[in-house]
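Below is one structure, written out as structure tokens; comments come after it.
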Amino acid sequence: MVELILPTRGTVVPVGKILCIGRNYARHAAEMKSAVPETPIVFLKPSTAVVGNAGVVILPAASKEVHHEVELVAVIGQGGKNIPVETALNHVDAYAVGLDMTARDLQAEAKRNGHPWSVSKGFDTFAPLGPLKAASAVGDPQRLDITLRINGEVRQAGHTRDMLFSVATLIAYCSTIFTLLPGDLLYTGTPEGVGPVEVGDLLEAEVSGLPLLRVKVKR
């Protein structure tokens, strides 16, 4: 069981649902040759996909093309159902930078066949998560730079103001479907620039004001 220490409440909770948002940046939707969604696209990862800072992303034998996607992650500290947008950020205990690793070849095949693509997102180590920082110390989550470097080279660079759906909107929307619980993680989508990783790569993910996430890639 993967556990988190919520910095605001000082309590230990298990990682719950990992709620991930697809196509939440228009330029990323464009690079994927996909339409901009009218409502949030939500998919899930298992808690076993989480790996912490200084950990290792394992490339699965089933895939030949694993992509990086850097994201702001909101950590739920106060649960709720049908949460109003106006108070949604009160339910966030902390923020972190995360990576939504994706077996792009498996995802593309699943899409072609009209099948779910959970497998392409759900392998062990496919949800790296950086150290948590209390939400009160972060401030407005829509005013943050987001960057990914691979072996020191910038591969992704964006800003959370460019989200199609704000963090508050995403929390409110997700809570109409799922009851949110302490320890749930919300991966809020990635800016443009996604691409493949290779064995030996060092990934350094950063959101302004948050601790760095650093992971190595292995087979």
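The figures follow:
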{"item": "Flag if LEU180 is at pLDDT 95 or above, more than 20 Å from ARG104 (Cβ to Cβ) and crowded, with 17+ Cβ neighbours inside 10 Å", "result": "yes"}
{"item": "Flag for LEU129 being hydrophobic (A, V, I, L, M, F, W, C), surrounded by 14 or more Cβ atoms within 10 Å (Cβ to Cβ) and touching a Lys or Arg at 6+ places or on another chain (Cβ under 8 Å)", "result": "no"}
{"item": "Set THR147, THR179, THR160: member being under 23 Å from VAL57 (Cα atoms) and of a type outside the set (Gly, Ala, Ser)", "result": "THR147"}
{"item": "Residue list for the range 13-45, filter: part of a helix (DSSP H, G or I) and either modelled with pLDDT of 95 or more or surrounded by fewer than 17 Cβ atoms within 10 Å (Cβ to Cβ) (or both)", "result": "ALA26, ARG27, ALA30, GLU31"}
{"item": "Residue ID - surrounded by the fewest Cβ atoms within 10 Å (Cβ to Cβ), chosen from residues in the range 154-176 that are of a type outside the set (Val, Ile, Thr) and farther than 19 Å from LEU19 by Cα", "result": "ARG161"}
{"item": "Test: residue in the range 163-183 that is touching a residue at least 12 places away in the same chain (Cβ under 8 Å), touching a strand residue (DSSP E or B) at 6+ places or on another chain (Cβ under 7 Å) and either under 12 Å from ALA96 (Cβ atoms) or of a type in the set (D, E, K, R) (or both)", "result": "no"}
{"item": "Hits in the range 64-94 - residues which are charged (D, E, K, R) and part of a loop (DSSP other than H, G, I, E, B)", "result": "LYS64, GLU65, GLU69, LYS81"}
{"item": "ILE150 being over 19 Å from CYS20 (Cα atoms), of a type in the set (A, V, I, L, M, F, W, C) and modelled with pLDDT of 95 or more", "result": "yes"}
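The values are calculated or read from the model by the stated rules, or taken from the named source; none is laboratory data. As the structure is a prediction and not an experimental result, all values here were calculated from the model. Cβ: placed from backbone, ideal geometry, glycine included. Neighbour counts: every protein chain shown.
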